[in-house]
Amino acid sequence: MTSERSRLGCAVLAAAVTVLAATAPQQAHAQSQTPAYLNIIVGSPPPAETAKQNILALNSAMFGLYDGSGKIFRRNILDQHPVILALFSGAGGRFVLYRPGHPPLDAPSVPIAYQLLKSVGHSTMVLPVVLAPHIGKPATQSWHGPIRTFRAQHMAALEGVDRTDMPPEWRAEVRSILQDNVAFIDASLSQGAITYDAVKDFSAKQAPRLKKIVAWAAQTQVAHWMRVMGEWKRMIGADWDKTYAASNTIYVARQNNVLFSILAQFFGPDAINQRLIMIETVSFTTTTDDMLDSLTRILSDRTVGQLFFGNLYMMDYELMGSSARDAIVAESQKLGVTPFLPPLVPFGSKQWPTLVTPGPGPSTLLQLSP
């Protein structure tokens with residue numbers, strides 16, 4: 001009985017296979033007959049386009065693979081090296097120390113006097129910015145409301161000047177600046193119009209005072225971070241020579257960058273661009289995660305440069321840069337154009353990552369005429 005059932009089962013299975021084999025081409029043919037209205041959705045890219053996209057997909061895949069490896073590289077770096085991040089902030093900066101086997105250490109903030117002086121300076125310099133668009137336009141009254149509100153904020157600030165933790169000389173200068181801001185606002189409102197001469201006279205009067213409070217703010221910021229760095233260098237001890245540090249900057253703050261310059265005093269010239277790195281960003285502030293990711297990318301790319309090209313620092317530079325220079329020279333000759341290129345510098349250059357060529361003209365705030 002069992003044998004008969006087995007033979008019967010095999011016969012049924014064979015019949016089913018035969019039916020499927022016979023109908024499969026018909027089903028495939030039916031599936032291939034896509035209605036014309038679906039053509040714009042289904043489509044059929046040309047073979048050349050498919051080949052191109054398959055090659056480009058390798059680059060997209062690279063970024064995903066790189067991100068995965070980057071997490072491992074970042075952990076390895078923090079497990080083996082102390083790292084200091086110096087991040088720009090409106091409070092005078094943020095310094096964070098990472099040490100193997102320790103939680104991240106945030107340094108104390110810059111004394112509040114820094115922010116107070118900065119706020120007063122900004123309150124003065126913004127007035128021409130707000131009022132200048134209305135110069136010579138007496139019929140325009142849209143600035144009245146905002147400037148009255150700003151005046152009220154000035155009066156509140158003036159009431160609290162003597163209660164701030166600043167030296168008497170600083171408080172006196174801040175009070176004078178704020179009072180003259182209010183006087184300028186009142187004169188503008190009473191005249192009902194903005195003139196270039198009024199704006200220019202106000203700016204010229206406040207400029208010497210602004211130079212003073214800028215200097216005091218810088219002294220406050222620098223003294224604070226120099227003390228922090230001195231303490232951290234002692235704390236790190238023998239591991240200092242394998243410590244990495246990075247600060248962030250946008251274009252406008254790249255030259256004479258305060259935080260990078262402070263770090264440089266402790267790392268020395270041989271560490272610049274090697275263990276001490278300036279990372280350019282597109283905004284004043286950034287996160288510690290973004291900074292660590294950037295630092296990880298720089299350090300891991302160095303191993304790639306060493307593996308492929310035998311140079312640890314060449315990946316700090318535009319990979320196609322030197323080849324592009326040759327191409328620019330060649331193309332310039334074809335077009336009758338004189339090539340204009342910066343001088344070649346060696347990979348691993350330790351010069352400051354800012355403008356370093358001296359020249360005529362003022363180069364400090366104090367050298368500028370009021």
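Report yes if D290 is within 14 Å of the chain's Cα centre (by Cα), assigned to a helix (DSSP H, G or I) and surrounded by fewer than 17 Cβ atoms within 10 Å (Cβ to Cβ), otherwise no. Judged against the criteria, D290 is a match. Scan region 59-70 and give yes if some residue there is at pLDDT below 95, part of a helix (DSSP H, G or I) and of a type in the set (D, E, K, R), otherwise no. Yes, region 59-70 contains at least one residue that is at pLDDT below 95, part of a helix (DSSP H, G or I) and of a type in the set (D, E, K, R).
Against the numbered list (1) closer than 30 Å to S69 by Cα; (2) touching a helix residue (DSSP H, G or I) at 6+ places or on another chain (Cβ under 9 Å); (3) surrounded by 15 or more Cβ atoms within 10 Å (Cβ to Cβ); (4) in contact (Cβ under 8 Å) with a residue 24 or more places away in the chain, E280 comes up short only at (3).
A quick yes/no check of all residues on (1) touching a residue at least 40 places away in the same chain (Cβ under 8 Å); (2) farther than 27 Å from A223 by Cβ:
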{"site": "D270", "(1), (2)": "yes, no"}
{"site": "D290", "(1), (2)": "no, yes"}
{"site": "S294", "(1), (2)": "yes, yes"}
{"site": "R302", "(1), (2)": "no, yes"}
{"site": "E318", "(1), (2)": "no, yes"}
{"site": "G348", "(1), (2)": "yes, yes"}
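For region 303-352, filtered to residues that are in a loop (DSSP other than H, G, I, E, B) and of a type in the set (G, A, S), the residue that is modelled with the lowest pLDDT is G348. Note on region 153-168: residues that are assigned to a helix (DSSP H, G or I), surrounded by 10 or more Cβ atoms within 10 Å (Cβ to Cβ) and aliphatic (A, V, I, L, M) amount to 4. Scanning region 237-253 for residues that are under 18 Å from F95 (Cβ atoms) and either of a type in the set (D, E, K, R) or in contact with a helix residue (DSSP H, G or I) (Cβ under 8 Å, 6 or more places away or on another chain) (or both) returns D239, W240, T243, Y244, A245, A246, S247, N248, T249. I55 falls short on exactly one of the conditions (1) part of a strand (DSSP E or B); (2) modelled with pLDDT under 95, and that condition is (1). Taking (1) among the small types (G, A, S); (2) in a helix (DSSP H, G or I); (3) under 23 Å from D239 (Cβ atoms) in turn, A86 satisfies each apart from (2).
The values are calculated or read from the model by the stated rules, or taken from the named source; none is laboratory data. Keep in mind the model is a prediction, meaning the values are calculated, not measured. No Cβ is skipped: glycine too gets one built from the backbone with ideal geometry, and neighbour counts run over all protein chains shown.
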